[in-house]
Amino acid sequence: MSDARFVNQRAVGSPVVPDEAVPLVEGDGRFLNDIRLPGMYHVAFLRSQHAHARIRAVDTAKARALPGVITVLTGKDLLGKVEPFRSTPNRFSGGESIQHWLAVDKVRFCGEAICAVVAEDRATAEDAAELIEVDYRPLPVVTDPRLGERESAPLIHESCPNNYLIKREHQRGNVDEAFRKAHLVVKRKFRIGRKQALCLESRGCVAGYRESSFGLTVWISHQLPYVVRHYLASHLRMPENDIRVVVPHTGGGFGQKASIYPEEFVCAYLALTLRRAVKWVEDRLENMVASTHARDQHIEVEVAVDRQGRILALSSDVCVDVGAYSTYLWSAGMEPLQTAGLMPGPYRVPAMRYRTRGVATNKTPVGPYRAVGRPSASASLEMLLDEVARRLELDPVELRQRNLIPLEAMPYRNANNLVHDNVNYLPCLKLSTAKAGYQRLRAEQREASANGKLRGIGVACFAELTGLGTSTAVGPGTLLQPGRDAVTLRLETTGVLSIAAALPSQGQRIMTAMRQVACDELGISLDDITCVINDTAMAPYGFGTFASRTAVFGSGAVIQAAKELRRRMLALGAHLLQVPAAELTIVNSVIQTIDRSKTLPIREMAEKSYFSAKNIPPELNPGFEVTSFYDPKLGSFAGGAHIAVVDVDAQTGEVKIVRYVAAEDVGTIINPAVVEGQIIGGIAQGIGEALLEELVYDETGQPRTITLADYLVPSALEIPRIELHHANTPSAALGGFKGCGEGSIIGALGAVACAVADALSRHGGDIHEFPATPERVLKGLGVLPSEA
Amino acid sequence: MAREQPIRLTVNGRVYERTVPVRLSLADFLREHLHLTGTHLGCEHGVCGACTISMNGRSARSCLTLAVQADGANIVTIEGLRAADGTRHPMQQAFLDNFGLQCGYCTPGMLITAIELLRENPNPSEQDVREALSGNICRCTGYQAIIDSVLAVARNETAPPGEIGGSRDRQPARRP
């Protein structure tokens with residue numbers, strides 16, 4: 001099937017067509033909503049219509065009386081029976097939020113679940129939910145984090161003064177002295193709106209009771225099956241090994257499916273208590289308010305530079321609207337800590353200080369989403385660098401070249417304590433400017449300007465820490481350091497190889513990647529290798545897919561395990577062929593002497609190993625199953641440089657991207673076509689973030705963007721053809737791999753934001769708020785009055 | 001008004017007679033009643049395009065169509081794109097070969113819409129393809145590989161793809 005033509009006889013580096021995509025093009029994908037079990041009940045949730053209110057009473061009598069309704073569950077029904085979610089960001093600071101699976105006496109955001117209705121079908125469950133009567137007493141709301149942190153603001157959690165769910169101040173190096181001695185100090189504001197991942201498939205689960213050998217089986221659209229299992233066990237107070245978690249085909253994740261949410265846990269509880277399978281699938285209207293949001297930051301950043309424009313110190317103030325609860329597992333620390341802590345990006349920053357906080361508001365909680373914190377950190381710094389360049393009359397590219405960490409300075413420990421090594425920041429910038437014809441672009445821009453057109457050019461460089469091992473936390477100041485994942489390789493009785501891991505794919509073709517790596521390491525044909533990545537009943541322990549880690553961990557673990565499996569295969573092969581192991585090699589699933597005078601198909605060897613064990617010395621037949629945990633210790637920096645060219649319509653405020661060139665360093669590439677898809681897809685989401693996507697709330701905390709007609713994601717018309725180039729250098733991780741899932745969204749926000757600001761600056765305008773909607777662009781041009 | 005109504009329709013060449021609730025959407029009918037789960041629901045309000053099916057030769061949003069409105073119709077879904085011998089439709093093969101999908105959730109709607117485009121315009125420009133697909137959201141690919149898939153079919157086919165679900169012979173899918 002995957003009759004790949006390998007590049008240089010190696011699977012790694014070749015654009016192997018992924019077998020795993022076949023069911024998806026043939027209509028045979030099995031997504032969560034495609035699962036149905038006999039007798040399965042359906043669940044619908046009643047959600048709060050108020051942003052902040054006391055619940056005085058909940059009357060479910062009419063709902064219960066509707067034919068077809070099995071039961072209605074309220075928050076009080078769960079009290080004392082399950083553990084609510086308690087989330088604390090870190091050891092430094094901030095508050096703890098307690099989130100009941102179903103609200104008990106208070107609701108804190110529009111869309112918070114209050115009741116679960118179980119019925120014979122979904123339509124009946126929804127009908128019944130409308131019959132529930134809730135007596136609310138509305139409370140004053142917090143919708144602006146800058147007002148919410150004031151002493152006078154209403155408290156969302158009594159335990160969190162100033163509504164701080166996280167607060168941290170940090171300094172490294174002598175910042176004050178750097179600012180005193182600086183040749184130039186420049187300060188800018190940056191605001192990014194609230195957005196969400198908008199997976200095309202929303203969340204959902206099927207919870208089965210006593211299916212197969214497990215008390216509880218949960219099929220869930222999620223990125224972290226073992227993490228779900230761990231938390232189900234602890235919150236339902238049941239043994240972990242009585243739970244199986246399976247992830248079906250998943251229609252996008254992007255971090256939104258990496259958190260622990262109440263709805264799926266309610267379903268698990270219902271399956272156990274009703275002794276019947278139940279199913280819940282989030283509809284789009286629910287998804288807009290019940291699945292985690294992202295970003296929503298107010299940033300002020302100030303830089304001190306010397307006469308040549310070299311950065312001396314960076315000082316930032318970050319305020320994030322993190323919503324009503326500290327997201328479970330990751331906490332409210334994600335955006336605030338990563339935005340501030342990762343601000344230096346790929347640039348040499350000798351000293352830095354930041355003040356950052358996540359303020360609770362009466363909105364949907366903010367959780368992880370592709371490249372948490374880094375896009376706005378990067379964009380705010382890139383826009384600041386453009387302003388430094390203007391003031392010093394330097395070209396923006398020249399200024400960046402002076403500040404990027406050069407290869408010869410590596411390993412380089414930056415002011416945020418992260419070590420940069422094996423990463424081509426400068427070559428990426430040089431490659432992208434050369435491929436884009438940067439000087440010509442500037443000449444064309446001057447020409448356009450002379451003709452009264454607003455053209456802007458944005459250049460953004462970024463760093464992305466991928467594949468974080470045990471020595472690096474998932475974010476500065478967070479406690480989570482999972483850092484390891486395992487793979488099991490098993491040679492089956494017919495000589496085919498199975499790879500098992502708990503690293504689910506949301507389209508990243510991780511199965512194909514691991515098969516390619518195993519093919520090279522073991523000499524087993526690609527067609528003889530299969531992979532399972534979605535089932536805790538079959539996979540060794542793994543933390544799951546997030547943070548651009550899966551290719552690094554999965555492939556590293558395959559390399560480690562393959563080393564031992566290969567040793568065992570060659571040892572048995574040597575015995576069966578009666579030649580020394582050192583004279584043997586494995587090619588296309590055949591063990592052979594180098595001159596091919598003696599050959600042994602792996603199929604034959606495996607059959608002998610399993611079925612004729614009596615004839616083989618036991619020390620040569622220890623079994624062909626190897627599990628290996630891989631820990632890359634430090635993470636590997638990936639990086640890149642993006643160039644965006646935009647035309648701004650001064651009449652309508654519309655921004656059109658006319659050219660987009662990217663150069664990236666993603667380490668050794670496993671499958672170039674897959675990597676290209678990851679990068680271009682990330683750029684598209686970054687363009688959406690820069691120009692279109694924003695979740696809007698009114699002053700009472702009511703969401704105004706609850707359909708896809710209100711919340712605009714890019715279509716094929718808004719995304720230009722992306723010109724992608726590579727300046728790769730291998731990482732220190734096994735195989736030289738780096739992650740590539742997130743980096744490009746960082747570069748895209750920065751490049752497009754800088755390009756828009758560059759265009760406006762030609763007419764004396766400026767812009768600080770993104771997405772750059774037509775209204776904001778016209779305000780930036782002074783055509784529309786700006787708010788104070 | 002009756003809560004249920006009988007309908008008779010053809011789906012992927014097979015005739016079905018069913019009595020369905022009048023409020024049942026065509027998408028739910030296909031998925032829940034006929035078990036054709038290849039058609040996906042992304043928004044249920046007609047914006048995302050994942051649920052696009054072919055109805056009497058025209059693409060239609062199955063989430064905004066009621067099952068009773070499809071009475072008498074000829075419907076083709078992603079499950080009906082392969083030839084009788086199991087050969088993939090050239091558009092399916094092109095999406096596979098050109099990495100025109102990641103998570104695959106938008107794919108059914110993309111395939112149906114792209115096939116309709118090439119039937120009406122066998123030699124589209126890149127901009128034509130972008131416009132034709134602009135009602136189908138993909139959140140993973142940034143569209144480029146999807147557009148390249150459609151252009152690959154347009155370039156390589158000596159004859160445009162036939163009526164989907166029709167009996168016209170198709171060229172066997174080629175490997176690159």
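Brief remarks on what is shown
- Test for A:Ile220: is it crowded, with 24+ Cβ neighbours inside 10 Å and touching a Phe, Trp or Tyr at 6+ places or on another chain (Cβ under 6 Å): no
- Residue that is nearest to the other protein chains (Cβ to nearest Cβ), among those in region A:24-53 that are touching a His at 6+ places or on another chain (Cβ under 8 Å) and part of a loop (DSSP other than H, G, I, E, B): A:Gly29
- Checked against (1) over 17 Å from the mean Cα position of the chain (by Cα); (2) within 14 Å of chain B (Cβ to nearest Cβ), A:Asp665 passes all but condition (2).
- Single unsatisfied condition, A:Asp647 versus (1) part of a strand (DSSP E or B); (2) within 14 Å of another protein chain (Cβ to nearest Cβ); (3) touching a Lys or Arg at 6+ places or on another chain (Cβ under 7 Å): (2)
- Picking from residues in region A:587-598 that are buried (at least 19 other Cβ atoms within 10 Å of the Cβ) and out of contact with any Pro (no Cβ under 6 Å at 6 or more places or on another chain), the one that is nearest to A:Ile669 (Cα to Cα) is A:Ser589.
- Leading residue by the ranking (farthest from the other protein chains (Cβ to nearest Cβ)) among those in region A:217-252 that are among the β-branched types (Val, Ile, Thr) and assigned to a loop (DSSP other than H, G, I, E, B): A:Val247
- Test for B:Leu111: is it within 30 Å of A:Glu286 (Cβ to Cβ) and within 8 Å of chain A (Cβ to nearest Cβ): yes
- Within region A:71-81, being of a type in the set (A, V, I, L, M), under 34 Å from the mean Cα position of the chain (by Cα) and either buried (at least 19 other Cβ atoms within 10 Å of the Cβ) or not assigned by TED's automatic domain parsing to the domain that holds A:Asp121 (or both) holds for A:Leu73, A:Leu78.
- Qualifying residue in region A:340-351 (condition: assigned by TED's automatic domain parsing to the domain that holds A:Ile706, part of a helix (DSSP H, G or I), hydrophobic (A, V, I, L, M, F, W, C) and buried (at least 24 other Cβ atoms within 10 Å of the Cβ)): yes
- Whichever residue in region B:155-167 is of a type outside the set (Asp, Glu) and over 17 Å from the mean Cα position of the chain (by Cα) and, among such residues, is modelled with the highest pLDDT: B:Arg155
- Qualifying residue in region A:186-195 (condition: at pLDDT 95 or above, within 14 Å of another protein chain (Cβ to nearest Cβ) and over 24 Å from A:Ala116 (Cα atoms)): yes
- Condition met for A:Ser786 (in contact with a Phe, Trp or Tyr (Cβ under 8 Å, 6 or more places away or on another chain), small (Gly, Ala, Ser) and in a loop (DSSP other than H, G, I, E, B)): no
- Criterion applied to B:Leu9, B:Leu81, B:Leu101, B:Leu36 was being more than 8 Å from chain A (Cβ to nearest Cβ) and either over 24 Å from B:Ala154 (Cβ atoms) or at pLDDT 95 or above (or both), and the one residue passing it is B:Leu9.
- Residues within region A:83-101 that are part of a loop (DSSP other than H, G, I, E, B), within 24 Å of A:Ala290 (Cα to Cα) and at pLDDT below 90, tallied: 5
- Note on region A:689-719: residues that are touching a residue at least 24 places away in the same chain (Cβ under 8 Å) and within 9 Å of another protein chain (Cβ to nearest Cβ) total 6.
- Residue check: B:Val47 meets all listed conditions (1) crowded, with 22+ Cβ neighbours inside 10 Å; (2) closer than 26 Å to A:Ser715 by Cβ; (3) away from chain A (no Cβ under 13 Å); (4) in contact (Cβ under 8 Å) with a residue 40 or more places away in the chain but one, namely (3).
- Test: residue in region A:377-396 that is within 21 Å of A:Ala690 (Cα to Cα) and under 17 Å from the mean Cα position of the chain (by Cα): yes
- Residue in region A:467-490 that is among the hydroxyl-bearing types (Ser, Thr, Tyr) and either within 14 Å of another protein chain (Cβ to nearest Cβ) or in contact with a Phe, Trp or Tyr (Cβ under 6 Å, 6 or more places away or on another chain) (or both) present: no
- Extreme residue, surrounded by the most Cβ atoms within 10 Å (Cβ to Cβ), among residues of region B:130-144 that are more than 7 Å from every other protein chain (Cβ to nearest Cβ) and without any contact (Cβ under 8 Å) to a residue 60 or more places away in the chain: B:Cys138
- Test for A:Val72: is it assigned to a strand (DSSP E or B) and either touching a residue at least 12 places away in the same chain (Cβ under 8 Å) or away from chain B (no Cβ under 14 Å) (or both): yes
- Residue check, A:Gly741 within 14 Å of chain B (Cβ to nearest Cβ), in contact with a Ser or Thr (Cβ under 9 Å, 6 or more places away or on another chain) and among the small types (Gly, Ala, Ser): yes
- Members of region A:55-70 found to be within 18 Å of A:Ala103 (Cβ to Cβ) and crowded, with 16+ Cβ neighbours inside 10 Å, listed by number: A:Ile55, A:Val58, A:Thr60, A:Ala63
- Among the strands (runs of 3 or more DSSP E) confined to region A:451-524, the ones with at least 2 residues that are crowded, with 21+ Cβ neighbours inside 10 Å and charged (D, E, K, R) are located at A:454-466.
- Filter pass, B:Ala94 being buried (at least 24 other Cβ atoms within 10 Å of the Cβ), over 27 Å from A:Thr707 (Cα atoms) and more than 7 Å from every other protein chain (Cβ to nearest Cβ): yes
The values are calculated or read from the model by the stated rules, or taken from the named source; none is laboratory data. This is a predicted model, so every value here is computed, not measured. Note: ideal-geometry Cβ built from the backbone for every residue, glycine included; neighbour counts use all protein chains shown.
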